[in-house]
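A.B. asks: Right, I'll just put the structure down here and ask away after.
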Amino acid sequence: MVTSKDGTTIAVGRVGDGPAVVCVGGGLNDRHSTGWVAAKMTGLTVYSYDRRGRGDSGDTQPYGVDREVEDLAAVIDEAGGTAMVHGMSAGAVLALRAALAGLPITHLALFEPPFTGAVPDAPPKPANYTERLAKAAPAEALELFLTEAMGMPAAALDGMRQSPVWAALVALAPTLRYDDAVMGDATIPPVAALTIPVTVLVGGASPSWMKRAGEALTAALPNSDLRELPGQTHDVDPAVLAEALNDTFRQ
């Protein structure tokens with residue numbers, strides 16, 4: 001456990017040996033989600049953590065994106081004071097915002113940050129999504145996210161409700177509004193002054209707008225490259241992602 005600036009306790013897992021990497025999970029991820037990737041990375045000390053409101057971490061109110069940046073700062077401090085950072089989806093956007101805020105991050109690897117606002121034909125945000133998410137009970141928030149934000153068919157949702165993972169997802173659902181706050185209007189923030197290396201990763205089998213969003217982010221950054229993972233979607237194979245991160249961070 002580490003303690004964030006506002007006193008929130010943040011649960012952290014650590015595996016491996018070598019230069020420090022911190023993994024930042026996306027929507028409905030906890031430290032075990034990113035831990036599947038961390039366990040397959042080699043030659044690195046990889047830290048996975050429960051973002052606030054998830055797993056074994058605290059959830060001091062009121063929530064603010066700046067508080068999540070402070071949480072990541074506490075994990076980086078535990079990792080030795082500087083670290084490379086990998087972010088997944090909305091967690092990639094949080095990692096990018098943290099770097100822009102001046103955290104001691106030496107290299108970013110961002111998997112499919114969903115900057116829908118950067119791509120004209122990307123799926124629009126569901127109507128009144130922020131307001132509806134804020135008012136919804138956990139199970140309702142989860143259903144709203146899966147069906148309207150992620151496009152899950154009703155039959156698939158019915159099957160998921162019967163699965164063993166449903167209760168765990170419902171427990172994480174209150175943090176969907178945190179990811180919504182991190183995303184904001186889903187446009188790319190001003191990044192021209194960010195000089196650290198940034199690797200943007202996209203799945204070759206993901207929707208085409210995901211790649212175009214990655215291309216737009218790469219073009220906006222002064223020191224970046226775009227890497228496509230053949231055959232992968234947003235539900236990326238942990239082993240494939242780990243191999244790409246190994247290549248990125250061990251250059």
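The values are calculated or read from the model by the stated rules, or taken from the named source; none is laboratory data. Predicted model, so just to flag it, every value in this text is computed and none were measured. Every residue, glycine among them, receives a Cβ derived from its backbone with ideal geometry; neighbour counts consider all protein chains shown. We work out accessible area using only protein heavy atoms, side chains counted, and drop any ligands, DNA or RNA first. Shrake-Rupley method; radii C 1.70, N 1.55, O 1.52, S 1.80 Å.
A.B. asks: Under unit Cβ charges (Lys, Arg +1; Asp, Glu -1), what dipole magnitude, rounded to 20 debye, does the chain have relative to its Cα centre?
C.D. replies: On the way: 18 positive and 29 negative charges, 16 e Å.
Dipole of the chain, to the nearest 20 debye: 80 debye.
A.B. asks: Looking at the chain, what % of its DSSP beta bridges pair antiparallel, to the nearest 5? The partial results should precede the final answer.
C.D. replies: Details: 7 of 31 bridges.
Taking every DSSP beta bridge within the chain, about 25 percent pair in antiparallel fashion.
A.B. asks: Using alpha-carbon positions, what is the distance between the centroids of segment 126-168 and segment 196-244, in Å?
C.D. replies: 26 Å
A.B. asks: Right, here's the next one. By its C-alpha gyration tensor, with a ≥ b ≥ c as the square roots of the eigenvalues, how is segment 188-251 shaped: rounded for a/c under 1.5, else prolate for a/b larger than b/c, else oblate?
C.D. replies: Verdict is oblate for segment 188-251.
A.B. asks: Still on this model: Could you do me a favour and compute the accessible area per residue for the chain, 1.4 Å probe, result in Å²? Before the final figure, lay out the partial values.
C.D. replies: On the way: 10920 Å² over 251 residues.
Using a 1.4 Å probe on heavy atoms only, each residue of the chain averages 44 Å².
A.B. asks: So, one more: In the chain, carbon and sulfur make up what percent of the accessible area (probe 1.4 Å)?
C.D. replies: Working: 5890 of 10920 Å².
Using a 1.4 Å probe with all protein chains present, the chain comes out at 54 percent carbon and sulfur.
A.B. asks: Let me ask another. How many nm separate the modelled label positions at ALA239 and ALA127, each set 7 Å beyond the Cα in the direction of the Cβ?
C.D. replies: 4.6 nm
A.B. asks: Taking the Cβ-Cβ separation of THR195 and MET152 as r and a Förster radius of 35 Å, what is the calculated FRET efficiency to the nearest 0.05? List each step's numbers first, then the result.
C.D. replies: Values: r = 39 Å, r/R0 = 1.12.
Efficiency computed from Cβ-Cβ geometry: 0.35.
A.B. asks: As a check on your grasp of the helix formula, calculate [θ] at 222 nm for the chain: sum -39500 (n - 2.57) over DSSP H runs of n ≥ 4, divide by the residue count, round to the nearest 500.
C.D. replies: -11000 deg cm²/dmol
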